[in-house]
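Accompanying notes for the structure given below.
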Amino acid sequence: MAKPIEGEKRAFMTGNEVVAWAALAAQADIMYGYPITPQNEIMHYWTRLGPKFEKKFLQTEDEISAGFTTVGGVLSGARAFTATGGPGNILMQESISMAEMMRIPTVMVIQQRGGPSTATVIYSQQEVMLTTHGGNGEGHRIVYSTATHQDLFDYTIKAFNTAWKYRFPTFVLGDGYQAKMRESLTIYDPEMRGVKMVPTVPLLGQEGMPGVDREPSLLRNTFNTEEELYAIIKDYQQEYDRIAPELVEHEQFACEDAEIVIISHGVVSRSSKMAVHELRAEGIKVGYFRPITLRPFPADDLSGAIAKAKLLLVVESAEGQLVKLVRQNLYGHSILPIEGLLKPGVGVTSEEIVDKVKALAAH
Amino acid sequence: MAKVVKIALAGEGGQGVQSVAQIMTNAANDEGKEALYIPNFGVEQRGGVSIAFCQISDERIGAPKFEIGDIVIALSDRAVVRTQQYVGPKTIFIYDASIEQAEEYLPTNGAKVLAIPALKISKEELHPRVFNVMILGAALQATGVLTLDQAKKALEKKLGYKFEQNPKLRELNHKALERGAQLMQEQLAGK
């Protein structure tokens, strides 16, 4: 069978379409899903493109089921994924908690919409806390926040490999703007770029006698004693802390002598980038820092980037969710004041950031 | 920094503003430019004003939506009201001349406010279905982001299969594109 993408090519498409292509390029086997705006077209494109490459799709009765069927698919050894947003993301926390507990490498693409509740179907960055720390556990998950269609393609592919290599649930955190807008990117065959897909294996129902021919699969989400659970969570935390330095990713520039460092993630960081270029051209000492992994958070990199700063400005389309992550991760490393340009549920333009920085710099 | 041309197109559902936006940004992308297009979408999408935000540049583009457009085009009375917010001192605001009592709602802070009789001309001289292609021609004339030939290539890509079946459609679309550009040119020249 032909590969979904031969070589590489420039494309101009919506973010949802990008995700479907990326999942195909990553050799995903099946998508489970339930429709919700703004992620619907991921399902639409997957169901349109998938059958040509013997890929499968199951539409479930709701997001609780879509999450659990994804977990089930992964247990069987399928490179499985789902996509959702908003209230669907809430419903999927139950299955993701199970995936966390049992170290099941699920991949979920989240296209954030306005919240809380039904709110808007359009856009926000209000699912940061939910995606990084949702569920009744310790947030043992990996979250990539994308800013461009190129990111969406690259990190959707990467999410499958991260999940299967480290066995923690992995998320691609996009938003309604990224989902619906069209822009250019290069789609490619990962192999051509030297990206090898981490092989998938069944976590249940492997060949041979457990304990004799092979190690038994101990997949549990129920424990009789407090001590058993305690030991396992401690073990997971230790593992998570060990791998975090390998996982953290960020982007920064103009921070070396910056007096104000702008911290933003996802689509908002595009505006920050333009704002920093514009402000630098006017001689204002401002720097740019963007965490790509929101969980684990690139805390050491951020500490380094703000070494000369006098003030931090967090910009986000939420009322302080990134601020919380920044505070938590800088605690003990920095006592710098943190200002916010917080716009829950709406976009942020570079002009607004420029104005805010100028106002701060004037004080 | 490279100049980004920002265009907001607004009309009633079915007037084809999203198709115009898609053809225009596709054409820009085909010419190796950076383009970004996002429709407004929400629960009002059915029966509401449909807006397309387009940006075209030589370099990567920042935020998907913008506060102030270089060109704002409104094709219905509700669209005129709705798009006021995207008009600034440098904005060229274009609306269809057939909109009744538009003058009551027209923005007063723009650089230019121009009426083009695209709806009337499409009905009388061409075909109502190419109204949006006239708007495309007008938008390109106003911004200069693409040539009409480049737009024709994009039309061919999107509608080529229909043109093959009926070459007269190609002719009609090309005429609409040129007529739209001509109307805009006349308006800009103050005729």
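Just so you know, all these numbers are worked out from the coordinates, no wet-lab data involved. Please read all numbers here as calculations on a predicted model, not as lab measurements. Cβ atoms come from the backbone with ideal geometry, glycine included; neighbour counts cover every protein chain shown.
For a protection proxy built on the mean count of beta-carbon atoms within 10 angstrom, sort A:17-27, A:244-254 highest first, please.
Result, highest mean Cβ count within 10 Å first: A:17-27, A:244-254.
Round to a whole angstrom and tell me the spacing of the C-alpha centers of segment A:224-244 and segment A:266-308.
Using only Cα atoms, the two centres lie 33 Å from each other.
Assuming R0 = 45 Å, can you tell me the calculated FRET efficiency for the pair A:GLU249 and B:LYS153, based on Cβ-Cβ distance, to the nearest 0.05?
Step by step, r from the Cβ atoms, then E = 0.70.
Modelling each spin label as a point 7 Å along the Cα-to-Cβ direction, I'd like the B:LYS3/A:ARG327 distance in nm, to one decimal.
Here the modelled spin labels are 4.5 nm apart.
I'd like the mean, over residues of A:246-255, of how many other protein chain beta carbons sit within 10 Å of each residue's own Cβ.
If you average over the peptide's residues, the count of other-chain Cβ atoms is 0.
7 Å from Cα along Cα→Cβ at both A:HIS277 and B:GLN182: what's the point-to-point distance in nm?
4.0 nm
When we measure straight from the Cα of A:LYS165, which lysines land under 26 angstrom away, once same-chain ones fewer than 8 places off are left out?
A:LYS3, A:LYS55, A:LYS56, A:LYS196, A:LYS234
For n ≥ 4 DSSP H runs only, could you compute -39500 (n - 2.57) per run for chain A, divide by its residues and tell me the 222 nm figure to the nearest 500?
-12500 deg cm²/dmol
Report the Stokes-Einstein translational diffusion coefficient (µm² s⁻¹, integer) for the protein assembly as shown, Rh taken as the Kirkwood radius over Cα pairs, at 37 °C with viscosity 0.692 mPa s.
On the way: Rh = 25.1 Å.
In µm²/s, the coefficient rounds to 131.
Indicate, rounded to the nearest 5 percent, the antiparallel portion of the DSSP beta bridges found entirely in the protein assembly as shown.
35 percent
Could you calculate the FRET efficiency of B:LYS120 with A:ALA119 from 1/(1 + (r/R0)^6), where r is the beta carbon distance between them and R0 is 30 Å, rounded to 0.05?
Step by step, r from the Cβ atoms, then E = 0.10.
How well do other chains shield peptide A:176-182, expressed as the mean number of their Cβ atoms within 10 Å of each residue Cβ?
Shielding by partners across A:176-182 averages 6.
What fraction of the DSSP beta bridges in chain B is antiparallel, stated in percent and rounded to the nearest 5?
Working: 14 of 27 bridges.
If I count the DSSP bridges inside chain B, around 50 percent turn out antiparallel.
Over 24 Å between Cα atoms: which of A:LYS52/B:LYS153; A:LYS180/B:LYS158; A:LYS180/B:LYS168; B:LYS153/B:LYS175 fall into that group?
A:LYS52/B:LYS153; A:LYS180/B:LYS168
Under a crude label model (7 Å from the Cα following the beta-carbon direction), how far is A:MET1 from A:ARG193 in nanometres?
So the two model labels end up 2.2 nm from each other.
Quick check on packing: order A:126-139, A:71-84 by the mean number of other C-beta atoms within 10 Å, highest mean leading.
A:71-84, A:126-139
Kirkwood Rh over alpha-carbon pairs of segment A:8-191, then Stokes-Einstein at 4 °C and 1.567 mPa s: what D in µm² s⁻¹, rounded to an integer?
D = 83 µm²/s.
Run the reach check for B:LYS162 against aspartates and glutamates, Cα to Cα strictly under 13 Å, same-chain hits fewer than 8 apart removed. What comes back?
Excluding near neighbours in sequence, the set is B:GLU171.
Please sort by residue number the GluC sites (Glu not before Pro) in segment B:1-71 whose DSSP state is loop and whose Cβ has at most 14 other Cβ atoms within 10 Å.
B:GLU59, B:GLU67
Straight-line reach only, C-alpha to C-alpha below 30 angstrom: list the lysines that A:LYS308 could link to, leaving out same-chain residues fewer than 8 apart.
The reachable lysines, counting only those whose Cα sits under 30 Å from A:LYS308, are A:LYS273, A:LYS285, A:LYS324, A:LYS343, A:LYS356, A:LYS358.
If r is the Cβ-Cβ distance from B:ASN166 to A:MET129 and R0 is 41 Å, what FRET efficiency results, to the nearest 0.05?
That gives a FRET efficiency of 0.15.
In what sequence, highest mean first, do A:231-239, B:168-176 appear when ranked by Cβ atoms within 10 angstrom?
Answer by packing, highest mean first, reads B:168-176, A:231-239.
Counting only the backbone N, which residues of segment A:328-348 are under 14 Å from the spot 7 Å out from the Cα of B:ARG60 toward its beta-carbon?
Under cut-off, by backbone N: nothing.
For B:31-42, what's the mean count of beta carbons from other chains sitting within 10 Å of each residue's beta carbon?
On the way: counts 0, 2, 1, 3, 4, 8, 6, 12, 4, 2, 9, 9.
Counting other chains' Cβ atoms within 10 Å and averaging over B:31-42 gives 5.
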